[in-house]
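Take a look at the structure below.
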Amino acid sequence: MHAVDPRPAVAQALCREGNRLHIADGVWDLAAAERVLLVAAGKAAVPMAETAVRILGDRLSVGIVVTKYGHAAGHTLPDTIRVIEAGHPVPDAAGLCGAAAVTALLETTTAQDRVLVLLSGGASALLPSPVAGVSLVDLQAVTEALLRAGATIGELNAVRKHLSRLGGGQLARLAYPAAIAALILSDVVGDSLDIIASGPTVPDPTTYATALAVLERYHLLDNIPHAVREHLERGCAGSIAETPKPGDPLFANVTNAIVGSNRLAAQAAVAEAERLGYRALLLTTFMEGEAREVAKVTAALAKSIRRYGEPLEVPACVVWGGETTVTVRGHGKGGRNQELALAAALALEGLSDVALLALATDGTDGPTDAAGAIVDGGTASQARAAGWDPAATLADNNAYPLLDAMGALLRTGPTGTNVNDLTVLLVG
């Protein structure tokens, strides 16, 4: 994960020369700044903040860092930086406190202040700030419903932005007229700034109507809290102000820069495979869809490589990145990468010298302690010999215990970065 280590990523985008702070393509005159404030949120918030603190030194006034439970262990941030751990992917009360602290800090800003925002995947859930009339419990319910329905991150965030006081450009509106620079570690397909972390510092192209359409698409309008539906319908009717849109002058003094992405991680994986002697190909970094359907692509690629040498001759390594989804119909335990791996084990069954790795780059796949899993053409038959029914286990969305029993889970712990998922297919 060195290629997407947030520390060098931030260091490359942030350089201080006396009272001049170079940020991406812009420059701040620190001598003219009354205060420099730091707000960091996401799974990579701590290492990003540690680097920023080192570079800013005595010019950093105060800051708040909100990250996932377990991701702040051993941090070296000073006492002027408040560190809060909170729940992900479903927001919790600790996240509510973190969002309130960020809001209180930004409400004090003036035109003489400078705000450095560091964003990484997970920030949407880690900074819940429900609008008036919508409770944390309401927000939890709609988040869980969309996750279980298999909604994409773009769809999920279109809804969350319209239930939040920080998402969809509203953090920038809160900090206005202070100058803002946001350094962003992308965890979404296509690196869309308005989707990453729910786009707190960028204009929001989605609307209340967009949010209602997402809920209708997944047949959830009648199954979400009444307060959520009422708020979105009032917004759609024009009774509530929209999130700030493209062209809003409040963004005139806001800079956004992506400092790390899934593509960088995938390219590094290809380079490493080539170093090890494989013929390697980056297939795409736009992989989306149901995890078990994407897994079928694995078998098709492996068979094509083995029989025709297409798209590569053996030994071959095919890498792709993105973010699959899982429509939860069972009652088991797992994550999207584990579901993909188990489905791939079934699709690859009987093929020799074939292996697949599916992992979340942050080290946490769904609500589990595993980053993902490694399977091969013998995994499914070995599971049956051990008393498992792989197909039934997959149908129950219960990949974790089977893969754990097979010794197939990959446990890395928090990696300190978060640039979406990677899948690697090896054919010998």
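Can you figure out the FRET efficiency of Thr284 with Ser381, using R₀ = 41 Å and their beta-carbon distance, to the nearest 0.05? So the FRET efficiency works out to roughly 0.85. Quote the relative contact order of segment 263-427 in percent (integer), defining contacts as alpha-carbon pairs under 8 Å separated by 6+ residues. Taking the mean separation of contacting Cα pairs over the length of segment 263-427, I get 27 percent.
Each part gets one Cα centre, and for segment 180-199 versus segment 370-393 those centres are 36 Å apart. Note on the chain: antiparallel DSSP beta bridges, both residues inside, total approximately 45 percent of the bridges counted. Along the chain, the longest continuous region that contains none of the trypsin sites (Lys or Arg not before Pro) in a DSSP loop with at most 14 other C-beta atoms within 10 Å is 1-328.
Give the shape of segment 12-78 as rounded, prolate or oblate, defined through the alpha-carbon gyration tensor: a ≥ b ≥ c are the square roots of its eigenvalues, a/c under 1.5 means rounded, and otherwise the shape is prolate if a/b is larger than b/c and oblate if not. Prolate, since a/c reaches 1.5 and a/b exceeds b/c. Cross-link check: pairs Lys68/Lys333; Lys245/Lys296; Lys43/Lys161; Lys161/Lys333; Lys68/Lys296 evaluated at a Cα-Cα cut-off of 30 Å; pairs beyond the cut-off: Lys245/Lys296; Lys68/Lys296.
Where a number appears in this text, it was derived from the coordinates with a stated rule and is not lab data. As the structure is a prediction and not an experimental result, all values here were calculated from the model. When we count neighbours, we look across all protein chains shown, and the Cβ atoms used for this are built from the backbone with ideal geometry, even at glycine.
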